[in-house]
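Any read-out appearing in this document is the output of simple, stated calculations on the displayed coordinates, not a laboratory observation. In this text, all values refer to a predicted model and were calculated from it rather than measured experimentally. Note: ideal-geometry Cβ built from the backbone for every residue, glycine included; neighbour counts use all protein chains shown.
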Amino acid sequence: MQNIFLTSDSKDKENYKKIISETAKAISEAFTDDKAYSGPTPDQLKSLIAQESILPEKGLGWEKVFESTKEKILPNLIRTPSSDYMAHLHGPSLVENIAAELIISTFNQSMDSWDQSPVATEIEIEVTKHLCKLYGYDEKSDGVFTSGGSQSNQTAIILARDAFCNEILNYDVKKNGLNEKCSKLRMYTSEISHFSMEKSAHILGLGYKSVVKVPVDSRKKMDVKALKELIQKDKAEGNIPFLIVATVGTTDFGSIDPIEELAAIAKENHMWLHADAAYGSGVIMSNKYSNRVSALNLCDSITVDFHKMFLMTISCSAVLVKNAQHFNALTIHADYLNREEDEEDGYSNLVDKSLQTTRRFDALKVWISFQTRGKDGWSELINTSMENAQYLYKQLNEDSDFEVITEPEISSVVFRYKGSSSDIAKMDEINKKVRRSLIHEHGIVIGQTISDGKTCLKFTLLNPTISHKKLDELKALIKKLAEDNLQ
Ligand SMILES: *Cc1c(COP(=O)(O)O)cnc(C)c1O
């Protein structure tokens, strides 16, 4: 059989090169203008792509399928590198990262056992070691790549729960499952932390009730005094506080919880401190602002997302753990995969640390992009996006038609158009309409959220190619659309 894989056969090589180069050409041609989105509504897209069957009796062949993909799909994909795209913590991908993806997909290594990914396993171990150092951990630490921040958080919460039960309650959850006492376990996180906390608590059998939401202050940071009171109150009621999750860069506002103070509280109460730095982890690369996250080394575990501020392709994330031994919670041996003797012989099977079994070689992307750009290149990328947020904040703050929710600590700006009206519900509608019309009429995608019950708009400025001029133009456009809608 030919033309099904890339092999050493010259015809297979030609076919591979042809398909990959045609694809690269079509992708670059899909960037017809600077807009982020071509505009279709959900119904328009549904009718465009509807098929009688996606499994024809007889295969159509690559050329034909590629033609229809070029025609129907490529033009309508969100063009994440566009400077008109700033809705979510979802950015464009660095070009060298896309090259890394081609290597990753072509060789298709799987990170569960050494014999499925020899050099890839060694690279992940090496990259993880350097990441631990970057965030200020010593050689007792370790980490593993995951599918994203949600899985990194979930992994950390499992390790925290098992460590606490083993060490403080003298109870082995891994072996015995949850007991009566476990139903009293409580974790503390801010009221605007990511929903992966509740999801994880559910999956872990602790339930939403185990997640205690701590109020935030006017800068959207966890209120430390309230946290202390909640812990004391829970203890008095017989509950068992085991974990504090600091959000280092909240999803909406980019606000950073006070890590040092939380570390002291965690220590005093024998609790684990996890940092959900899915967003803020990128700040470590800045030569000007890294001190905003330099206390991360006080945490017992850290979630780092590379597919957010680090501008890498989805998915790419890691969870770092201060004391590598805690990963034992996830180790379980299978005769066919990760035998105990492998480790003794110097063969690492990374499945021992992971919730996943088959797993992508995402560490290659960090290996390549870190070395390609170096400290100076990275610093410039991160500084630019953070300074864009500071610039936009200033412009909006000086304009009485806008209300800015809080000064950005990273690269997100949340605000609302308020005009001269005091009718909150009416202005909520205006802000919603502005966002819709930006998407469908202007190909511009910005975010929308709620703060203190009011509908807000959000710029998530991950893309460092966004200029001040662009931000000025967008601000003016939003104002115009809001005014048009008011009439
Ligand atoms: C994005 C985000 C997550 C979830 O990460 P995924 O990579 O999307 O799974 C978790 N926490 C915070 C604070 C985030 O911003």
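Among the DSSP helices (H) of the chain, those spanning at least 15 angstrom by Cα along their long axis with an average Kyte-Doolittle hydropathy of 0.5 or more are 95-107; this is a geometric and hydropathy rule only.
Per residue, what volume in Å³ does the convex hull of the Cα atoms of region 130-228 enclose?
So the per-residue hull volume is 145 Å³.
Between the alpha-carbon centres of region 178-201 and region 15-74 there is a gap of 43 Å.
Each principal axis of the Cα cloud of region 356-444 was taken in turn, and the coordinate range along them, longest first, works out to 52, 32, 26 Å.
The per residue volume of the convex hull around the alpha-carbon atoms of region 58-117 is 174 Å³.
The ratio of the alpha-carbon radius of gyration of region 82-199 to the globular-protein estimate 2.2 N^0.38 Å is 1.40.
When Rg and the Kirkwood radius Rh are both evaluated on Cα atoms of region 234-322, their ratio Rg/Rh stands at 1.03. Here region 404-434 and region 266-336 have alpha carbon centers that stand 32 Å from each other.
Taken over the C-alpha atoms, region 190-347 has Rg and Dmax values of 17.5, 55 angstrom.
Using the count of nearby Cβ atoms within 10 Å as a rough guide to exposure, how do 261, 473 rank from fewest to most? The partial results should precede the final answer.
Numbers: 261 17, 473 12.
Listing 261, 473 from fewest to most nearby Cβ atoms yields 473, 261.
With all pairs of different C-alpha atoms in the average, the Kirkwood value for the hydrodynamic radius of region 428-471 is 11.5 Å. Calculation over all alpha carbon pairs of region 342-400 in 5 angstrom steps from 0 returns a P(r) of 4, 13, 11, 11, 12, 10, 12, 9, 7, 5, 3, 2, 1, 0 percent. Sorted on the mean count of surrounding Cβ atoms within 10 Å across their residues, most packed first, peptides 139-151, 276-288, 368-380 read 276-288, 139-151, 368-380. With a Cα-only, solvent-free Debye model of region 1-100, what are the log10 I(q)/I(0) values at q = 0.11, 0.14, 0.16, 0.17 Å⁻¹? For region 1-100 at q = 0.11, 0.14, 0.16, 0.17 Å⁻¹, log10 I(q)/I(0) is -0.48, -0.76, -0.93, -1.01.
When shorter helices are ignored and each DSSP H run of at least 4 residues is given -39500 (n - 2.57), the per-residue value for the chain at 222 nm works out to -13000 deg cm²/dmol.
What order do you get for 176-182, 437-443, 243-249 when each peptide is scored by the mean count of other beta carbon atoms within 10 Å, highest first?
243-249, 437-443, 176-182
Rg/Rh for the chain stands at 0.99; both radii use Cα atoms, and Rh follows the Kirkwood definition.
Would you mind counting up the charge near residue 86? Only other residues with Cβ under 11 Å from its Cβ, with Lys and Arg at +1 and Asp and Glu at -1. Taking every Cβ under 11 Å from that of residue 86, the sum is +1.
Candidate cross-link partners of residue 213 among the aspartates and glutamates, defined by an alpha-carbon separation under 14 Å and a same-chain spacing of 8 or more, comprise 191, 198, 223, 229, 234, 257. Of all DSSP beta bridges located in region 239-350, what percent are antiparallel, nearest 5? Counting only bridges with both partners in region 239-350, antiparallel ones make up about 40 percent. 3J(HN,Hα) along region 137-145, derived from phi through the Karplus expression 6.51 cos²θ - 1.76 cosθ + 1.60 where θ = phi - 60°, amounts to 7, 9, 6, 6, 8, 7, x, 8, 7 Hz, with x in place of Gly and Pro.
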